[in-house]
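Structure record follows, encoded as structure tokens.
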Amino acid sequence: MSPLDPAITVNLANNRYAQGDNEGARRLLVDLLAVIPDSNVARVNLATFERNNGRLVESLRQSDLAWRQDPEGPNAIMGLIMSLSALERLDEAERLTTRLPSTLPMRHWLEFMLQLQRDTQAPLSLELVARLEQVLGRSEPVAAEYQPLLWLGWLSDYRNGQSDRAMRSLRKLVEVQGGGLLTTDQLNPAAGLILLLRQSGADSEAASVHDLLQQSLQQAHEQGLSGAATEFGEATLLAVDGDAEGALAKLDKAMAMGFNERWMVDIDPRLDALRDLPRFRELRDDLVQRIAAQREQSLAVATY
């Protein structure tokens with residue numbers, strides 16, 4: 001009814017992407033931009049699709065165009081930072097974070113994400129701890145802009161021996177409202193929570209969360225939800241459950257579908273049981289080489 005409305009087209013593209021129709025989602029936005037080339041929201045989303053599908057050079061190209069159209073727009077700046085981060089061009093990404101308002105919650109978790117890429121043992125700063133505790137102390141569900149902070153917080157806290165706060169962060173992310181199933185955003189935290197609950201001896205609660213996660217994954221599959229991030233999440237759950245072969249197969253599939261976050265592979269505690277396996281090291285080495293090759297190509301797009 002309204003094929004040239006950017007917001008409607010982006011929503012439709014996101015739904016198609018969530019159901020694994022990556023090319024259909026991409027084509028919607030490419031066709032829209034052919035008619036409305038100044039639609040920044042479409043271009044930022046196209047850059048995200050390209051990045052999530054492993055096409056990192058094209059992601060940077062689209063992010064660069066969006067940023068040049070709106071050089072002060074937070075969404076355009078964040079999109080460019082994420083594209084540079086995926087290419088592991090960290091110096092440039094860090095410089096761009098200074099263009100974001102200091103009051104913007106996303107700025108702080110972006111800065112810390114880049115820090116974790118350099119050092120997977122990086123601890124939370126006192127400022128981030130204060131922000132994290134503030135979010136954890138609220139009774140309402142976590143707002144979308146704070147979810148990445150809790151996610152990065154648990155990864156860092158776990159590596160630095162702060163398992164109690166890591167557990168609190170995951171519990172907050174996995175809060176179920178009204179006794180329903182987990183949302184797609186809660187699937188990854190749930191697998192982390194299962195790991196920590198088992199390590200703390202809370203086997204009964206871990207089993208309950210596991211059952212809920214399995215039901216939610218079944219529903220996601222029935223709804224056709226698919227993608228690299230989903231495959232990676234399932235790989236981590238299989239690793240936590242001790243199914244190394246299944247986990248490696250899922251991890252291989254996730255990377256073939258475009259999963260490109262090398263630092264997550266290195267830091268994620270859910271994958272610890274796989275780290276000494278030859279196949280895991282092969283998959284990680286292949287990912288490092290693919291990113292390095294695309295990083296070299298991306299220098300021709302622009303430098304910052």
Can you tell me how many residues in segment 80-123 are under 26 Å from M255 (Cβ atoms) and β-branched (V, I, T)?
2
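Does I77 qualify as being under 14 Å from the mean Cα position of the chain (by Cα) and either at pLDDT 95 or above or part of a helix (DSSP H, G or I) (or both)? Give the derivation first.
Numbers: under 14 Å from the mean Cα position of the chain (by Cα): no; either at pLDDT 95 or above or part of a helix (DSSP H, G or I) (or both): yes.
Spelling it out, it is not the case that I77 is under 14 Å from the mean Cα position of the chain (by Cα) and either at pLDDT 95 or above or part of a helix (DSSP H, G or I) (or both).
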Just need a number here: residues in segment 117-135 that are touching a residue at least 40 places away in the same chain (Cβ under 8 Å) and surrounded by 19 or more Cβ atoms within 10 Å (Cβ to Cβ).
1
Quick test for you: out of P123, P101, pick the one residue that is of a type outside the set (D, E), outside any helix (DSSP H, G or I) and modelled with pLDDT of 95 or more.
P123
Would you tally the residues in segment 136-150 being surrounded by fewer than 20 Cβ atoms within 10 Å (Cβ to Cβ) and either in contact with a Phe, Trp or Tyr (Cβ under 6 Å, 6 or more places away or on another chain) or under 12 Å from I267 (Cα atoms) (or both)?
1
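Please specify each residue of segment 11-45 satisfying the condition of being part of a helix (DSSP H, G or I) and of a type in the set (G, A, S). Step through it out loud before you land on a result.
Our first condition is that a residue be part of a helix (DSSP H, G or I); within segment 11-45, this holds for 11-18, 22-35, 40-45.
Once the filter is applied, which keeps residues that are part of a helix (DSSP H, G or I) and of a type in the set (G, A, S), segment 11-45 yields A13, A18, G24, A25, A34, A42.
Based on this model, can you work out whether R26 counts as open to solvent by 70 Å² or more (accessible area, probe 1.4 Å) and at pLDDT below 95?
Details: open to solvent by 70 Å² or more (accessible area, probe 1.4 Å): no; at pLDDT below 95: yes.
Considered against the rule, which asks whether it is open to solvent by 70 Å² or more (accessible area, probe 1.4 Å) and at pLDDT below 95, R26 comes out as no.
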Being open to solvent by less than 60 Å² (accessible area, probe 1.4 Å), assigned to a loop (DSSP other than H, G, I, E, B) and under 24 Å from Q121 (Cβ atoms) is the filter here, so list the residues in segment 250-276 that pass it.
F259, N260, D268, R275
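Of all residues in segment 54-68, which are in a loop (DSSP other than H, G, I, E, B) and out of contact with any Phe, Trp or Tyr (no Cβ under 9 Å at 6 or more places or on another chain)? Working first, answer last.
Restricting attention to segment 54-68, the residues satisfying the condition of being in a loop (DSSP other than H, G, I, E, B) are 54-55.
Of everything in segment 54-68, nothing turns out to be in a loop (DSSP other than H, G, I, E, B) and out of contact with any Phe, Trp or Tyr (no Cβ under 9 Å at 6 or more places or on another chain).
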Here are some conditions: (1) free of Cβ contacts under 8 Å to residues at least 24 places away in the same chain; (2) among the aliphatic types (A, V, I, L, M); (3) closer than 19 Å to D243 by Cα. L299 meets all but one. Which one does it not meet?
(3)
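The values are calculated or read from the model by the stated rules, or taken from the named source; none is laboratory data. Owing to the predicted nature of the structure, the values given are computational and were not obtained by experimental measurement. Counting neighbours? That spans all protein chains shown, and the Cβs are built from the backbone with ideal geometry, glycine included. Note: accessible area is taken over every heavy atom of the protein model, side chains too, but ligands, DNA and RNA are not part of it. Shrake-Rupley method; radii C 1.70, N 1.55, O 1.52, S 1.80 Å.
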